[in-house]
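Take a look at the structure set out below.
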Amino acid sequence: MSPLKPAAVRRVAVVGGSRVPFARSDGPYATASNQEMLTAALDGLVERYGLQGPGAVGEFVAGAVLKHSRDFNLARETVLGSRLDPRTPAYDVQQACGTGLQAVVAAANKIALGQTEAAVAGGADTASDAPLGVNDDLRKVLLEARRAKSLGARLKALAKVRPGHLVPDIPRNAEPRTHLSMGEHAAVTARAWGITREAQDELAATSHQRLAAAYERGLFQDLVVPFRGLARDQNLRPGSTVEKLAALKPVFGLDHPGPTMTAGNSTPLTDGAAVVLLASEEWASARGLEPLAYLTAYETAAVDFVHGDVAGGEDGLLMAPAYAVPRMLERAGLGMEDFDLIEVHEAFASQVLATLAAWEKRGLAPVDRARLNVAGSSLATGHPFAATGARIVATLAKLLAERDAPARGLISICAAGGQGVTAILERA
């Protein structure tokens, strides 16, 4: 038997994207599930690009961070409830806030290797419809009762139930190994890197102003589909200014003097969904679709935020992109000055600023702020964890396509668990 020849690696095109407007938790989408939001985003893509036919795309890849047990097969159930061909295979991925971008990478790899011609990738998350776990002590009692061999033994087990067992376990935005919230971790990093309150508020105000301008000029006209009465991101505050943000009280890092992180320079809990259409050049050409950009490189990294240099800032929970990006650029033979646009997920303004400083410390050129998050980012749009990566990919691809000339964009996303997912998009 002759050995299989390695497949030639093909370019992967970003053809388009679709998302619902992002909403603050417990607001307009309070009763919307991950599946409902993801289906709405997917149907918008199906309609826009004529994907209703049999076998239109090879597969659907998506995920969510906050998932009910009923969402164990979220991507596949979304396909079955959408206008996409029900014979389309689907599977879930999850890498915290990097989920959406990691789903894009997973789909892109199959296209690059010729295993499929087109795929849809993305994610959804709802903080409003977060799963409530059974109190762990109650769970143990119920399992003991289930294993009982007689009615008497079952009743004896159930007699152990106490009023306190009825209190549910509510998901917390905290790391299991440190018990610190993401905001508290970011506050440690902000102190380590000397990130000022003024710099954070300036970044946050700029994010809102740039997102508002992007909506006004129609950037999102073919990227956002209305959902449950919203046509644009609910968190957007077009009138945000540094002066207004300066009036807000700090909410993280209060156990140290001079806390700097507020609700205004941190992302709110958010509901939403986003997807991206990826394809080979041949697939896009056959359908008369002009690729917005091409996904040309990606890299992941992780830091030891439990035992590493956290106080010094090197291994802060959200600092993995500080390692992933230099590694990716070295492999690609590029420098920061080679990028026309740079998209850094704004989990917190302090985290963005610390990442920029870390890149410079590692020898990369300073980021031109005029090229950074030019259409706003998570501080203004909000951050439904698993949806953010797909939102950024689609937005950056559209921004590159607007230039109608060769251009290159960088994506950097930090994630819970001390991880980072990064990528490069190029417009030939």
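The values are calculated or read from the model by the stated rules, or taken from the named source; none is laboratory data. Quick caveat, the model's predicted, so the values are computed rather than measured. Here Cβ is always computed from backbone atoms with ideal geometry, including for glycine, and neighbour counts include all displayed protein chains. What goes into the accessible areas is simple: the full protein's heavy atoms, side chains included, and nothing from ligands, DNA or RNA. Shrake-Rupley method; radii C 1.70, N 1.55, O 1.52, S 1.80 Å.
Looking at ARG70 and the list (1) basic (Lys, Arg); (2) over 27 Å from ILE411 (Cα atoms); (3) within 17 Å of the chain's Cα centre (by Cα), which single condition is not satisfied?
Going through (1) basic (Lys, Arg); (2) over 27 Å from ILE411 (Cα atoms); (3) within 17 Å of the chain's Cα centre (by Cα) one by one, ARG70 breaks only (3).
Using beta carbons and a limit of 9 Å, which pairs, at least six apart or on different chains, have the first residue in the range 231-249 and hydroxyl-bearing (Ser, Thr, Tyr) and the second one open to solvent by 80 Å² or more (accessible area, probe 1.4 Å) and at pLDDT 95 or above?
Matching pairs, first to second residue: SER240/GLN209; THR241/GLN209.
Return the only residue of VAL93, VAL65, VAL79 being touching a Leu at 6+ places or on another chain (Cβ under 9 Å) and crowded, with 20+ Cβ neighbours inside 10 Å.
None of the others qualify; the one that does is VAL79.
Considering only residues that are part of a helix (DSSP H, G or I) and open to solvent by 60 Å² or more (accessible area, probe 1.4 Å), which ones fall in the range 323-337?
The answer is TYR323, ARG327, GLU330, ARG331, GLU337.
Of all residues in the range 257-268 being under 30 Å from ASP26 (Cβ atoms) and part of a loop (DSSP other than H, G, I, E, B), which is farthest from the chain's Cα centre (by Cα)?
PRO259
What number goes with the only condition from (1) touching a helix residue (DSSP H, G or I) at 6+ places or on another chain (Cβ under 8 Å); (2) not in a helix (DSSP H, G or I) that ARG177 does not pass?
Result: ARG177 fails condition (1) only.
Results for (1) over 23 Å from ALA96 (Cβ atoms); (2) open to solvent by 10 Å² or more (accessible area, probe 1.4 Å), shown as yes or no for each residue.
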site: LYS110; (1), (2): no, yes
site: THR116; (1), (2): yes, yes
site: ALA119; (1), (2): no, no
site: PRO131; (1), (2): no, yes
site: ARG147; (1), (2): yes, yes
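Between a first residue in the range 28-48 that is open to solvent by 10 Å² or more (accessible area, probe 1.4 Å) and a second residue that is part of a helix (DSSP H, G or I) and at pLDDT 95 or above, which pairs have beta carbons less than 7 Å apart while being 6 or more apart in sequence or on different chains?
GLN35/LEU74; GLN35/GLU77; GLN35/THR78; THR39/THR78
Across the range 269-322, what is the number of residues that are open to solvent by less than 30 Å² (accessible area, probe 1.4 Å) and in a strand (DSSP E or B)?
Selection size over the range 269-322: 16.
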